Amino acid sequence: KGKEFLEKYKQLRKIFELLGPDQVKARRFTDYKWLSAIYTYYMKRVIKSQPSYTGYIEKYYDKTVKFVHKTTELERLDDTLPVIEFGEDYLQKLEEKAKSNEEKAADIVFTLNRLVLVDRHKNPVYESLADKVERLLKRWKEKTKDYESIYTEGAGVINEINELHKRQKDLGFSDMEYSLLLALEEELGKERVEKDVKQLSEHLANYIFSGWINQATARKEVEREVRRFVRKYVRKYDLSLDKIDEIHHKLMERIENYGR
């Protein structure tokens, strides 16, 4: 998605210049400013490099795009947008360095996009929060934005990330174990199933090894253990056959992803 956006923005930049004095350019000027601002934020927060188009437009394009570059205040954004590394003190640093709700909202949206959506399958915490971040990103894409509300919602997700990481550390769970726990809690509610998950992990250790996914016998044993595990909750939660299959499928996905 990010690569596609960069390519399309570069195409848009060329088209905007080629339009010359066309009235379409005047009608779309505000849209172009908005997309250019997103490009600036994206390059500095996600790609972690200065926007490349300044020298590019000076070399190849006439005064039209240069004018747009200045009137969109992108030069100011290049200099003032804070670059903040993600960590436990991320929100504190963002509060200290960002000068407006717009800057805070932009930084937190692109930070969450890079952490959660790009790396969602590399970390069980990020995977569990992907839906929330996707909704937040959808709000950001709206032209009329409530920056304060977006920032507040994003800060809530950041706090959840920190709390979930702390819980994993306190439990001493591997990524696979924690992914199973979060998936199970999502389906059954916040029940005390930590011991159950740990026991399942111990049983699976007999069948999980490098390349086990491609070994038919090992895979069947893992599937059998997981189905046996899910069935223990049938009576307590009155699970239907469809629900059993759904939970089994979700747990198998987590094991295949993290149990390597």
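The values are calculated or read from the model by the stated rules, or taken from the named source; none is laboratory data. Every value quoted in this text rests on a predicted model; they were computed, and no experiment measured them. Please note: Cβ atoms are built from the backbone with ideal geometry, for glycine as well, and neighbour counts cover all protein chains shown.
Any residue at all in the stretch 119-139 that is surrounded by fewer than 19 Cβ atoms within 10 Å (Cβ to Cβ) and either over 22 Å from the mean Cα position of the chain (by Cα) or among the polar types (S, T, N, Q) (or both)?
no
Go through (1) modelled with pLDDT of 95 or more; (2) outside any helix (DSSP H, G or I) one by one and return the number of the condition G156 breaks.
The one condition G156 does not meet is (2).
Among the residues of the stretch 93-109, what is the count of those that are touching a residue at least 40 places away in the same chain (Cβ under 8 Å), of a type outside the set (D, E) and either surrounded by 20 or more Cβ atoms within 10 Å (Cβ to Cβ) or not in a helix (DSSP H, G or I) (or both)?
Residues meeting the conditions: 6.
In the stretch 99-117, which residues are of a type in the set (D, E, K, R) and farther than 16 Å from A130 by Cβ?
K99, E102, E103, K104, D107
Of the residues in the stretch 128-176, how many are among the charged types (D, E, K, R), touching a residue at least 60 places away in the same chain (Cβ under 8 Å) and in contact with a helix residue (DSSP H, G or I) (Cβ under 6 Å, 6 or more places away or on another chain)?
Here the count works out to 1.
Of all residues in the stretch 218-237, how many are surrounded by fewer than 17 Cβ atoms within 10 Å (Cβ to Cβ) and of a type in the set (V, I, T)?
1
Looking at S201, is it surrounded by 15 or more Cβ atoms within 10 Å (Cβ to Cβ) and of a type in the set (S, T, Y)?
yes
Please tell me if L164 is surrounded by 13 or more Cβ atoms within 10 Å (Cβ to Cβ) and outside the structural domain of V109 (by TED's automatic domain parsing).
No: the conditions fail for L164.
Looking at I161, I108, which one is over 22 Å from N257 (Cα atoms) and among the aliphatic types (A, V, I, L, M)?
I108
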